[in-house]
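Reading through the structure tokens given below for one structure.
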Amino acid sequence: MLHRNHLLWNDPDAFKPERFADPKAIDRFAYLPFSAGSRVCIGASFAIQEAVIILATLLSHFEFTAISGRDPKPVMILTLRAEGGVWLTAKPVMDRFD
Ligand code: HEM
């Protein structure tokens with residue numbers, strides 16, 4: 001809810017990765033994926049590094065495209081997630097390193 005708050009974000013429901021281009025422009029307490037303060041996530045740096053490695057590995061092997069009629073539906077639990085997962089078609093790409 002914090003990350004979709006219209007008072008804190010311009011067009012918060014839109015997918016705009018460029019809004020994170022300048023981390024200094026983001027209010028310290030408007031974006032808290034790993035919480036903040038004394039109970040902040042101790043795995044934050046590891047999680048980000050892991051996510052980049054997983055994405056880079058997947059994207060070097062597959063091209064992903066959306067499946068028509070299966071748009072992800074955001075559901076608020078404790079965190080926001082896609083109901084029933086995110087459905088994509090994965091097409092193998094030629095591995096340049098083989
Ligand atoms: C994308 C991945 C992750 C997200 C979004 C995330 C998010 C969070 C959040 C929001 C909290 C604070 C919970 C609270 O306020 O009580 C937290 C705490 C914590 N996280 Fe993560 N986390 C992630 C990955 C990890 C990983 C990979 C590790 C360990 C290797 C980890 C270890 C912990 C621990 C130990 C705490 C408790 C810290 C404390 O209470 O002192 N997290 N995490």
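The values are calculated or read from the model by the stated rules, or taken from the named source; none is laboratory data. None of these values were measured; they are calculated from a predicted model. To get the accessible areas, we keep the full protein, side chains included, count just its heavy atoms, and leave off ligands, DNA and RNA. Shrake-Rupley method; radii C 1.70, N 1.55, O 1.52, S 1.80 Å.
Remark: the chain carries 88 Å² of accessible area per residue (probe radius 1.4 Å; ligands, DNA and RNA excluded). Within the listed set 43, 85, 69, the residue fluctuating most in the Gaussian network model of the chain (springs between alpha-carbon atoms under 10 angstrom) is 69. Subtracting the Cα-Cα distance of residue 70 and residue 47 from their residue separation scaled by 0.36 nm leaves 5.5 nm. As a fraction of the 1.4 Å probe accessible area of the chain, surface on carbon and sulfur atoms comes out at 63 percent.
Relative contact order of the chain, taken over Cα pairs closer than 8 Å and 6 or more residues apart, is 20 percent. Rounded to whole numbers, the Karplus 3J(HN,Hα) couplings from phi for segment 14-28 are 7, 7, 9, x, 5, 5, 9, 4, 10, x, 5, 7, 9, 4, 3 Hz, using 6.51 cos²θ - 1.76 cosθ + 1.60 with θ = phi - 60°, and x at Gly and Pro. Residues whose amide H lies under 5 Å from that of residue 62, counting only those 5 or more places away or on a different chain, are 93; hydrogens are built 1.01 Å from N in the peptide plane. Note on the chain: helix-only mean residue ellipticity at 222 nm, from DSSP H runs of 4+ residues weighted -39500 (n - 2.57) and normalised by residue number, equals -6000 deg cm²/dmol.
Rounded to the nearest 10 degrees, the inclination of helix 44-61 to the longest alpha-carbon principal axis of the chain is 20 degrees.
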